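A quick write-up on the structure given underneath.
The values are calculated or read from the model by the stated rules, or taken from the named source; none is laboratory data. As the structure is a prediction and not an experimental result, all values here were calculated from the model. All Cβ positions, glycine included, derive from the backbone under ideal geometry; neighbour counts span all protein chains shown. Just the protein is used for accessible areas: all its heavy atoms, side chains included, with ligands, DNA and RNA removed. Shrake-Rupley method; radii C 1.70, N 1.55, O 1.52, S 1.80 Å.
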Amino acid sequence: MGKYKTSIGGQALIEGIMMKGPFKTSVAVRKPDGNIEVKTETTRKNKMAKIPVLRGIWGFGDSLITGYNSLMKAADIAMIDEEPSKFEIWLEKKCGKKATDYLTMVAGVLGGMLAIVMFMILPTIITGFICRFVELGVFKAVVEGVIKLSIFFIYLFSISHMKEIKRVFSYHGAEHKTIACYESGEELTVENVRPYTRFHPRCGTSFLFIVVIISIIVFSFIPWSSTFGRVILKLLFLPLVVGISYEVLKFTGKYDNPLTKILAWPGLFFQKFTTFEPDDSMIEVAIEAIKAVIPESREDDKW
């Protein structure tokens with residue numbers, strides 16, 4: 001019998017952490033005055049929780065919505081005492097009080113579109129360009145996959161060296177450490193949480209890596225009649241890739257054996273770029289976030 005594994009998961013925010021439990025979702029943020037503010041809401045139920053593949057598709061979409069809303073809440077709390085910029089003042093004067101919120105939402109949508117371009121469209125375009133000079137034959141999908149993995153690695157490596165992002169990734173490390181401490185059954189204190197690893201097999205980074213690998217496998221069966229046609233088919237098959245990737249993550253997170261350790265290792269490796277060691281103040285925020293979502297019965301949040 002392995003150690004207890006929880007379904008509670010989270011996301012690093014601006015000066016805070018979101019934790020999602022079976023019944024409640026919390027957002028804990030360090031305010032400018034040094035205090036920690038915690039907001040909770042009811043967790044949306046996964047209507048497809050028992051249907052393999054479909055539950056992953058639904059869960060991924062729900063996570064994007066929850067993550068975006070949590071980021072907005074954290075930004076409001078963490079920057080409550082900051083003066084608006086001249087651009088924000090001008091935008092509000094011209095377009096109304098909700099203009100900044102709309103602008104932020106548009107930025108989020110554009111960010112999602114950029115991710116699709118970087119990891120789905122760009123590798124196909126580059127591979128198609130290479131094919132003009134080199135006959136790749138059956139190795140087209142392999143070359144496309146190598147390009148996709150290279151972009152993924154360069155992207156993570158680049159953002160991990162940005163000062164602001166590095167602080168968010170330190171909160172990510174605090175989230176993982178706190179969950180590990182909770183799973184071990186220890187009391188949730190800074191002293192107890194601090195020694196635990198910042199790497200976690202059921203992390204979003206691991207999920208993204210699995211998505212990249214599964215997409216390489218699934219998309220290798222899509223014909224190369226044209227670059228444009230292939231891109232369209234890849235977009236249509238993306239939900240299937242997400243659903244399969246979730247099942248792989250669920251499998252690797254549930255069992256501890258040589259096979260699951262091999263499958264989990266690449267995701268843990270990439271977490272070196274998306275998690276950093278947190279300070280005690282970050283751990284305090286993570287503890288408050290997870291305490292707000294722990295159910296009365298330990299069976300209710302079992303992985």
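Filtering the range 18-34 to residues that are out of contact with any Leu (no Cβ under 9 Å at 6 or more places or on another chain), within 12 Å of K291 (Cα to Cα) and either among the β-branched types (V, I, T) or free of Cβ contacts under 8 Å to residues at least 12 places away in the same chain (or both) leaves only T25. Looking only at residues in the range 214-230 that are part of a helix (DSSP H, G or I) and at pLDDT below 85, the one that is surrounded by the most Cβ atoms within 10 Å (Cβ to Cβ) is T227.
Restricting the search to the range 188-203, which residues are free of Cβ contacts under 8 Å to residues at least 60 places away in the same chain, crowded, with 16+ Cβ neighbours inside 10 Å and either in a loop (DSSP other than H, G, I, E, B) or out of contact with any helix residue (DSSP H, G or I) (no Cβ under 8 Å at 6 or more places or on another chain) (or both)? Of everything in the range 188-203, just one residue is free of Cβ contacts under 8 Å to residues at least 60 places away in the same chain, crowded, with 16+ Cβ neighbours inside 10 Å and either in a loop (DSSP other than H, G, I, E, B) or out of contact with any helix residue (DSSP H, G or I) (no Cβ under 8 Å at 6 or more places or on another chain) (or both), namely Y196. Does the range 256-303 hold any residues that are of a type in the set (A, V, I, L, M) and outside any loop (DSSP other than H, G, I, E, B), and which are they? If the condition is that a residue be of a type in the set (A, V, I, L, M) and outside any loop (DSSP other than H, G, I, E, B), then L259, I262, L263, A264, L268, M282, I283, V285, A286, I287, A289, I290 are the ones that fit. Looking at G185, G145, G173 in this structure, which one is in contact (Cβ under 8 Å) with a residue 40 or more places away in the chain and on the phi > 0 side of the Ramachandran plot? Step by step, each of G185, G145, G173 is checked, and only G185 is in contact (Cβ under 8 Å) with a residue 40 or more places away in the chain and on the phi > 0 side of the Ramachandran plot. Check the range 269-288 and report whether any residue there is without any contact (Cβ under 8 Å) to a residue 60 or more places away in the chain, open to solvent by less than 60 Å² (accessible area, probe 1.4 Å) and either under 23 Å from I51 (Cβ atoms) or touching a Cys at 6+ places or on another chain (Cβ under 7 Å) (or both). No, the conditions are met nowhere in the range 269-288. Answer yes if at least one residue in the range 143-159 is farther than 18 Å from F276 by Cα, out of contact with any Phe, Trp or Tyr (no Cβ under 6 Å at 6 or more places or on another chain), polar (S, T, N, Q) and open to solvent by less than 40 Å² (accessible area, probe 1.4 Å), and no otherwise. Looking through the range 143-159, none of the residues is farther than 18 Å from F276 by Cα, out of contact with any Phe, Trp or Tyr (no Cβ under 6 Å at 6 or more places or on another chain), polar (S, T, N, Q) and open to solvent by less than 40 Å² (accessible area, probe 1.4 Å).
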